[in-house]
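Asker: Please find one structure pasted underneath; my questions will follow.
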Amino acid sequence: MAIIGGNNGIILTTVEEVLSWGRRNSLWPVSIGLACCAIEMMHTAASRFDTDRMGIIFRGSPRQSDVLIVAGTVVNKVAPMLKLIYDQMPDPKWVISMGGCSSGGGPFPTYSTLQGIDRIIPVDVYVPGCPPTPQALLWGIHQLQKKIKAKQEGKELKEIPVRTPKASFPVKG
Amino acid sequence: MPWIKREKAEKIKEWFPSIKITQYKDNIFLEIEKKEVKNLLKFLKESPDYSFKMFIDFTCVDYPLHNPRFQGVYILYSPEFKERIGVKTWATDDSLPTITDLWKGAKWAEREAYDMFGIKFEGHENLVRMFMWETYPYFPLRKDFPKEGIKDTYLPSLNEPEGSYPSHDYDPYHTAIPTLEDLEITQKARMPEKKAQIVLNWGPLHPGTHGTIWFIFDLEGETVKNCEIILGQLHRGIEKLSEDITYTQVIPYTDRMDYISAICSNVAYVNAVEKLLDIEVPEKAKWIRTMLCELQRINSHLLWLGTFALDLGALTIFLYTFREREKIMDIIEGIAGIRLNSTYMRIGGVRMDLPEGALDVINHFIKDFPSKIKEYEDILTKNRIWLKRNIGLGIIKEEDVYDYGITGVVARGSGVPYDIRMLDPTDAYDKVDFEIPLGTVGDCYDRYLVRMEEMRQSLEIIKQCVKKLQELKDDKYLATDNPYVLPTLEETFNSIEAMVKDFNLRIYGEQAPEGEIYSSGENPRGELGFYIVSKGEGKPYRLRIRSGAFYNLQIFPELIKGRTVADAVVLLGSLDPVVGETDR
């Protein structure tokens with residue numbers, strides 16, 4: 001993006017860039033809550049964290065949305081329905097896997113739980129936590145925005161900043 | 001809750017000489033043959049000396065080496081004498097007589113037993129699967145079925161490039177996933193024939209269904225003629241999981257059942273285990289538990305109010321209640337370390353001491369909160385739209401409460417004073433002063449008023465707890481002297497005895513004595529009961545979770561008949577189920 005001649009009001013850019021800018025700043029998720037993480041997702045959308053200020057507005061219909069936040073445990077019975085909803089969303093679409101259960105089964109390695117949502121739909125961002133705090137979900141959304149931007153520039157977002165933990169010592173009274 | 005006295009139970013032998021009476025602690029169970037069990041239950045229900053009118057729970061236990069293999073357990077409550085009784089019977093030929101003609105509330109419990117154990121119920125009106133889909137071939141809670149299920153389907157991760165070494169350790173084989181045809185068969189089995197014009201599916205992934213409940217409405221125009229509910233869209237197998245882990249390891253799973261009121265579920269569970277293991281909890285831990293339970297109750301009711309109002313179109317209330325919820329979550333995060341699923345309770349006390357300044361923050365909240373309740377009530381209570389949509393909808397009568405085993409706010413909204421905090425006070429509930437609000441009509445509006453008043457009462461309890469906790473500043477918060485209680489982190493690192501004890505308890509579990517116990521706590525959603533069968537091992541042999549929301553939701557199809565689809569949203573909101581608890 002280039003601004004020409006100071007305050008003349010002329011901006012030169014590509015269509016791709018404008019589309020990407022528009023897409024990453026108006027991510028509309030489907031409002032589907034599955035389990036505990038859905039409560040934290042509601043908190044992210046409600047008064048304190050307020051995702052509306054980032055252009056994130058929850059939609060009731062998959063046809064109007066472009067992000068699927070899988071918030072909670074996906075059990076085998078609900079997996080085909082979730083796949084159906086993903087298929088109903090128009091392209092381009094992204095998936096955020098919120099929490100341990102949807103990322104890899106979490107604390108439920110049982111007969112009825114799907115061990116990772118990526119077995120049925122491709123995932124763009126995994127948010128860790130059980131459940132992740134609203135801050136963590138916001139981090140995931142920002143990560144997705146970076147990914148969309150990198151894709152437009154022809155790059156793949158590879159490096160996800162991982163903070164190495166400091167050496168830990170037992171707690172002393 | 002006081003159980004029936006031994007002498008009184010012995011008297012039943014006059015009518016049924018073949019019964020055997022087993023007792024563990026104060027829990028009394030009558031054991032009887034299969035052919036007599038229905039007569040006994042009928043007698044207990046109708047005899048004026050006993051009058052066990054209220055249905056609490058039915059479940060099964062699997063003993064693979066015993067013949068017959070399955071044991072059915074009924075738990076009943078007498079509202080007149082305020083006592084409980086348990087009845088057990090062996091399911092000869094893997095079948096039991098249905099008791100749906102005695103208590104309608106047994107319908108889903110029997111379906112669940114069929115789904116999980118494969119027991120047939122003679123005379124059940126439509127015995128289909130409760131949680132799993134109709135073409136699912138196994139019975140998961142049987143002891144010979146593996147916890148992980150049968151991994152027979154190749155289902156690799158789509159995010160891993162083919163042919164490469166996977167970036168994380170996972171099994172590409174997975175348990176079978178149903179197809180959409182399987183789900184259609186499930187739906188057809190649940191509602192075999194269409195009686196009216198059109199069959200409408202509501203849910204399971206719909207924002208108005210409070211999670212993943214699947215409703216089927218048979219509609220004549222806009223009027224609901226018939227309704228069925230399919231559960232199991234969040235069935236994660238917590239009961240099966242807990243048979244494989246120690247008593248302490250079950251605590252995090254109780255959080256994830258009823259995730260809106262995690263601390264209340266924790267407390268109900270640890271109270272049951274403490275009763276089984278005979279642990280006396282320190283005074284301070286009791287008061288902390290009571291205080292946090294009530295904070296969590298306010299938190300839960302606020303979420304209910306916000307989403308209920310949101311369903312009715314009042315978006316403002318949703319934003320207001322979430323503002324207060326954030327404050328409570330911050331308090332809980334400060335005390336327990338985690339916002340939502342805090343796992344703060346331990347067997348024998350609480351995990352950590354209250355941090356410095358916690359009581360000041362709570363004191364501030366107590367001062368601030370009444371004005372907020374007034375704010376909500378100013379907007380809603382006399383609002384014309386609110387009144388029109390709530391009054392006269394979903395009237396639950398007193399008989400229905402007993403018939404369906406309805407507990408919690410829904411029962412109290414109908415004028416039944418059934419509150420475990422009062423009837424069977426655990427923790428410090430017998431030392432605090434509070435009142436139980438009761439409804440008169442039993443409609444949605446009454447349930448709304450009861451919940452609003454309950455928040456005020458909870459605030460009163462918190463006030464008393466804070467006052468008491470200020471006196472108990474330096475007391476112990478975990479009964480670490482008891483051999484069953486895990487030592488604190490500090491003790492583990494500083495003394496070798498504590499470290500050995502910690503190791504033993506974590507690896508081998510709490511070696512509970514042989515016995516069985518049913519204990520319950522008052523959840524915001526109703527009575528949350530735990531029926532634990534112990535075989536003297538470090539883990540429960542069978543852990544049955546009696547969920548309040550599961551039984552409360554059962555009356556929904558009855559209430560919605562003859563009303564419109566728009567009323568379904570209101571009615572569901574006022575019953576306030578949480579799917580994590582109904583499906584477990």
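Asker: Rank these for me by crowding, A:ILE32, A:ILE121, going from fewest to most other beta carbons within 10 Å.
Answerer: A:ILE121, A:ILE32
Asker: Something else: What residue among B:TYR269, B:PHE308, B:VAL281 has its Cα farthest toward the positive end of the dipole of segment B:236-323, where the charges are +1 on Lys, Arg and -1 on Asp, Glu, each on the Cβ?
Answerer: B:PHE308
Asker: Divide the volume of the convex hull of the Cα atoms of segment A:1-79 by its number of residues and quote the answer in cubic angstrom per residue.
Answerer: Once divided by residue count, the hull of segment A:1-79 is 128 Å³.
Asker: Given labels modelled 7 Å from the Cα in the Cβ direction, how far is it in nm from B:ASP93 to B:GLU181?
Answerer: 3.5
Asker: Find the relative contact order for chain B and round it to a whole percent, using C-alpha pairs within less than 8 Å whose residues are 6+ positions apart. Please list the in-between numbers first.
Answerer: Working: 1095 pairs, mean separation 90.9, N = 584.
That works out to 16 percent.
Asker: Let me ask something additional. Taking 0.36 nm per residue of separation and subtracting the Cα-Cα distance, what length does fully extending B:GLU435 through B:GLU356 add? Don't skip to the end; give the middle numbers.
Answerer: Values: separation 79, 0.36 × 79 = 28.44 nm, distance 3.07 nm.
Result for the pair: 25.4 nm of gain on full extension.
Asker: Related question: Multiply the residue separation of B:GLU460 and B:LEU158 by 0.36 nm, subtract the distance between their alpha-carbon atoms, and state the gained length in nm to one decimal.
Answerer: Net length gain for the segment: 103.4 nm.
Asker: Which Cα, out of B:ASN494, B:ILE99, B:ALA336, lies furthest along the positive dipole direction of chain B (beta carbon charges, K/R +1, D/E -1)?
Answerer: Positive-most Cα among the choices belongs to B:ILE99.
Asker: Can you return the lysines within cross-link range of B:LYS327? Criterion is Cα-Cα under 26 Å, with same-chain partners fewer than 8 residues away left out.
Answerer: Leaving aside lysines fewer than 8 places away in the same chain, those within reach of B:LYS327 are B:LYS284, B:LYS286, B:LYS367, B:LYS372, B:LYS374, B:LYS463, B:LYS467, B:LYS468, B:LYS473.
Asker: Size of the dipole of the protein assembly as shown about the Cα centre, Lys and Arg at +1 and Asp and Glu at -1 on the beta carbon, nothing else charged, in debye to 20?
Answerer: Numbers: 94 positive and 106 negative charges, 162 e Å.
For the protein assembly as shown, the charge dipole is close to 780 debye.
Asker: Under the Karplus relation 6.51 cos²θ - 1.76 cosθ + 1.60, θ = phi - 60°, what is the ordered set of whole-Hz ³J(HN,Hα) values for segment B:351-356, x standing for Gly and Pro?
Answerer: Rounded to whole hertz, the list is 6, 10, 6, 5, x, 5.
Asker: In which sequence would B:TRP108, B:TRP15 go, from the one with the fewest C-beta neighbours within 10 Å to the one with the most?
Answerer: Arranged by neighbour count, lowest to highest, B:TRP108, B:TRP15 become B:TRP15, B:TRP108.
Asker: In debye, nearest 20, what is the charge dipole magnitude of chain B about its Cα centre with +1 on Lys and Arg Cβ and -1 on Asp and Glu Cβ, if you could check? Don't jump to the answer; show the numbers that get you there.
Answerer: Details: 75 positive and 93 negative charges, 196 e Å.
Once rounded to the nearest 20, the dipole reads 940 debye.
Asker: How long are the three semi-axes of the equivalent ellipsoid for segment B:292-437, computed from the Cα gyration tensor as the root of 5 times each eigenvalue, in whole Å, largest first?
Answerer: Values: eigenvalues 169, 107, 36 Å².
The answer is 29, 23, 13 Å, longest axis first.
Asker: Continuing with the same structure: So if I place +1 on the C-beta of Lys and Arg and -1 on the C-beta of Asp and Glu, and nothing else carries charge, what would the dipole magnitude of segment B:251-349 be about its Cα centre? I want it in debye, nearest 20.
Answerer: 80
Asker: For segment B:269-298 and segment A:122-150, what is the separation of their Cα centres, given in Å?
Answerer: The distance from the Cα centre of segment B:269-298 to that of segment A:122-150 comes to 37 Å.
Asker: For segment B:42-108 and segment B:240-255, write down the distance between their C-alpha centroids in whole Å.
Answerer: Distance between centres, Cα-based: 26 Å.
Asker: Go ahead and run the numbers for FRET between B:MET422 and B:GLU377, Cβ-Cβ distance against an R0 of 30 Å, rounding to 0.05. Let's see the in-between values first.
Answerer: Values: r = 25 Å, r/R0 = 0.83.
After rounding, the FRET efficiency stands at 0.75.
Asker: Amide H to amide H under 5 Å from A:GLY116: which residues, 5+ apart in sequence or cross-chain, H placed 1.01 Å off N in plane?
Answerer: Long-range HN contacts for A:GLY116: A:GLY104, A:GLY105.
Asker: Using only alpha carbon pairs under 8 Å that are at least six residues apart, calculate the relative contact order of segment A:28-151 and give it in whole percent.
Answerer: Working: 226 pairs, mean separation 31.7, N = 124.
Dividing the mean separation by the residue count of segment A:28-151 yields 26 percent.
Asker: A follow-up question, please. Taking the Cβ of B:VAL578 as the center, what net charge do the other residues with Cβ under 9 Å away carry, scoring Lys and Arg +1 and Asp and Glu -1? Intermediate values should be presented prior to the final figure.
Answerer: Details: positive: B:ARG525; negative: B:ASP258, B:ASP576, B:GLU581.
Cβ neighbours under 9 Å give a net charge of -2.
Asker: Continuing with this model, one more query. For A:SER26 and B:ASP101, FRET efficiency with R0 = 56 Å and r from the beta-carbon atoms, rounded to 0.05?
Answerer: The pair B:ASP101/A:SER26 has a calculated efficiency of 0.45.
Asker: Let me ask something else about it. Averaged over peptide A:100-112, how many Cβ atoms belonging to another chain are found within 10 Å of each residue's Cβ?
Answerer: 6
Asker: Quick one: which residues, 5 or more positions from B:ARG69 or on another chain, have an amide H under 5 Å from its amide H? H modelled 1.01 Å from N in the peptide plane, none for Pro or chain starts.
Answerer: Amide H neighbours of B:ARG69, under 5 Å, 5+ apart: B:ASP94.
Asker: Positive end of the charge dipole of the protein assembly as shown (Lys, Arg +1 and Asp, Glu -1 on Cβ, about the Cα centre): tell me which of A:PRO109, B:ALA113, B:LEU292 has its Cα farthest that way.
Answerer: B:LEU292
Asker: Moving on to the next point. For the protein assembly as shown, what is the percent of antiparallel DSSP beta bridges, rounded to the nearest 5?
Answerer: Here the share of antiparallel DSSP bridges comes out near 75 percent.
Asker: Using the Karplus equation 6.51 cos²θ - 1.76 cosθ + 1.60 (θ = phi - 60°), what ³J(HN,Hα) coupling, rounded to whole Hz, does each residue of segment A:75-92 give in order, writing x for Gly and Pro?
Answerer: Those phi angles translate into 8, 4, 5, 8, 4, x, 5, 5, 4, 4, 5, 5, 5, 6, 6, x, 6, x Hz.
Asker: Would you list the P(r) distribution for chain B, with all Cα-Cα distances sorted into 10 Å bins from 0 and each bin expressed as a whole %?
Answerer: With 10 Å bins starting at 0, P(r) equals 3, 16, 27, 27, 19, 7, 1, 0.
Asker: Same structure, new question: For segment A:28-151, take N as its residue count and report Rg(C-alpha) divided by 2.2 N^0.38 Å.
Answerer: Here the Cα radius of gyration is 0.97 times the empirical estimate.
Asker: Here is a follow-up. Hey, got the Cα dimensions of segment B:43-125 along the principal axes, in Å, largest first?
Answerer: Its Cα atoms span 38, 28, 17 Å along the three principal axes.
Asker: To the nearest 500 deg cm²/dmol, what mean residue ellipticity at 222 nm is calculated for the protein assembly as shown from DSSP H runs of n ≥ 4 alone, each contributing -39,500 (n - 2.57), summed and divided by the residues?
Answerer: Computed mean residue ellipticity for the protein assembly as shown: -12000 deg cm²/dmol.
Asker: Say the cut-off is 32 Å between C-alpha atoms; which of B:LYS120/B:LYS151; B:LYS88/B:LYS431; B:LYS8/B:LYS240; B:LYS143/B:LYS194 go over it? Present the calculation step by step, with values, prior to reporting the outcome.
Answerer: Values: B:LYS120/B:LYS151 27 Å; B:LYS88/B:LYS431 35 Å; B:LYS8/B:LYS240 36 Å; B:LYS143/B:LYS194 38 Å.
Table pairs above 32 Å Cα-Cα are B:LYS88/B:LYS431; B:LYS8/B:LYS240; B:LYS143/B:LYS194.
Asker: Would you compute the Debye intensity of segment B:191-323 from its alpha-carbon atoms alone, equal scatterers and no solvent, and pass along log10 I(q)/I(0) at q = 0.16, 0.18 Å⁻¹ to two decimals?
Answerer: -1.00, -1.09
Asker: If you don't mind, there's one more thing I want to ask. Between B:THR316 and A:LYS83, what is the label-point separation in nm under the 7 Å Cα-to-beta-carbon projection?
Answerer: 4.6
Asker: Here is a follow-up. Let me understand segment B:242-552 better: what is its radius of gyration from the alpha carbons, and its Dmax, in angstrom?
Answerer: 20.1, 68
Asker: Got a sec? How would B:HIS66, B:HIS124, B:HIS210 order by Cβ neighbour count within 10 Å, fewest to most?
Answerer: Numbers: B:HIS66 11, B:HIS124 19, B:HIS210 24.
If I rank by nearby Cβ atoms, fewest first, I get B:HIS66, B:HIS124, B:HIS210.
Asker: Among residues other than A:PRO90 whose Cβ falls under 14 Å from its Cβ, what is the net charge (Lys/Arg +1, Asp/Glu -1)?
Answerer: Here the count lands on +1.
Asker: Starting from the 7 Å offset along Cα-to-Cβ, what nm value, one decimal, do you get for the label separation of B:HIS364 and B:VAL500?
Answerer: That separation, rounded to one decimal, is 4.8 nm.
Asker: Calculate, in whole percent, how much of the Cα-Cα pair population of the protein assembly as shown lies beyond 38 Å.
Answerer: 39
Asker: Okay, moving on. Could you work out the local net charge near A:ILE32, counting Lys and Arg as +1, Asp and Glu as -1, over the other residues with Cβ closer than 13 Å to its Cβ?
Answerer: Numbers: positive: A:ARG59, A:LYS83; negative: none.
Computed value for this residue: +2.
Asker: Still on this model: Express in whole angstrom the spacing between the alpha-carbon centres of segment A:54-88 and segment B:137-160.
Answerer: Cα centroid of segment A:54-88 versus Cα centroid of segment B:137-160: 24 Å apart.
Laboratory data are not the source of any read-out in this text; all were calculated from the coordinates shown. Worth saying up front: this structure is predicted, and the values here are computed from it rather than measured. Quick reminder, even Gly has a Cβ in these numbers, built from the backbone with ideal geometry, and neighbours come from all protein chains shown.
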